[in-house]
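Since the structure comes first, as C-alpha cells, the remarks are kept for the end.
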C-alpha cells in the first residue's frame, strides 16, 4: 500500500476581498459570501505567470522536505491549467529540476479530482513496482482563464499548488471508489478558442449531492471501516453550501472535517491545502482519512487510507 510522507501547500500572496470586487453588484455581495463561504480568494497577479508560481512551489517543497531529487522515480502533474497539450508539462518539470531521465512522468488533467485520482494513480505505480516514490503535484491557476465579467466565478476561483511525496508502506491500507458521468461533462468546461472557464453551478450542485455521497458509501463498504471510525474527512470544496450539504447528509461530525475556505476554490489543490491549513507544520501519525474529490468531467473518486508519519507544512504564500 502507500503512505503520504510530506504535504507542502502554497497559494499566491495576492488576496482579493469579495466586497471590493467592482464587478459584483453590492446587493449580491453578502448573498454570495454566505452561499460560497469565500469572503476572499488568493489569486496570481496578472504579471505573475502560472509557471513561475508552480516552480516556486516545487522549490519550496524540495527545501522544506529536504527530499533528494534522485530518490523520486515518478512525477504526476495534476492540473487543468497546463501550459500546453503537447509537450507534457511534467517533462518541463523534469528538465527544470534535473530529475532523472529514467523517471516516469505524465500530466493528469483531472482538476477537482486531481488529488484523489492522483493518489489512485500513485498507488497503481507503486503497487506495480514501476515506482518507489511518487511526487504528486496538484496545481491549478484557473484565475487566469476566468472572464473578468463573470459574477458567478469571480468570487469563487482561487489559485493553489500542493506537492505530495508518496511512498510504499505495506502496513497501511488503501481503498478507493471512482466513476464518471460524461453525459453532463460540459457543465464545467474550458472553451477551446478563448480559453475561458464556464460552469453551471446548479448542475454541479445536483451532481455533487447525487454522486459523492454514493461514492463515499461505496468506499466505506469496500474498506469495511464504518464512517464513525474514521479520524478525519476532507472533501473537495467547490463552495461551502455544497460542502456542508454533503457533510450533513452523511451525518459526519464537524470536528472530524478538514476544510479551508480562506483561499477560494483551488481545484486540484483544495484537499491538500486544507490538510496543511489544519495541521500546519505538524506530523500526522496513525490516522485514518477519507478523501473525496469531484468535479469536471463529471468525475468523482473517494479514498479511505491510513496516514502514518506524514509531515504537513503550513500554507506558504508565494
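No lab work stands behind these numbers, since they all come straight from the coordinates. Everything numeric in this text was worked out from a predicted model, so none of it was measured. Here the Cβ positions follow ideal geometry from the backbone for every residue, glycine too, while neighbour counts run over all protein chains shown.
Couple of notes before you dig in:
- With neighbour counts taken as other beta-carbon atoms within 10 Å, the residues 96, 175 rank, fewest first, as 96, 175.
- Relative intensity, log₁₀ I(q)/I(0), of the range 50-201 from a Debye sum that treats every alpha carbon as a point, q = 0.14 Å⁻¹: -0.75
- Max mean-square fluctuation residue, GNM over the chain, Cα-Cα springs under 10 Å, options 290, 125, 136: 125
- Label-to-label distance, nm, for residues given as residue 104 and residue 278 (7 Å Cα→Cβ offset): 3.1 nm
- Legend: calculated FRET efficiency, residue 15 to residue 71, from the Cβ-Cβ distance at R0 = 35 Å, rounded to 0.05, equals 0.50.
- Residues 276, 10, 138, sorted so that the one with the fewest Cβ neighbours within 10 Å comes first: 276, 10, 138
- When 77, 123 are arranged by Cβ crowding within 10 Å, least crowded first, meaning fewest neighbours, the order is 123, 77.
- Linear extension gain, residue 314 paired with residue 31, 0.36 nm per residue minus alpha-carbon span: 98.8 nm
- Stretched out straight at 0.36 nm per residue, the stretch from residue 170 to residue 96 would grow longer than its current Cα-Cα span by 23.4 nm.
- Dimensions of the chain based on its C-alpha atoms, expressed as ranges along the principal axes with the largest first, amount to 55, 44, 38 Å.
- Computed from label points 7 Å out along Cα-Cβ, the spacing between residue 180 and residue 129 is 3.0 nm.
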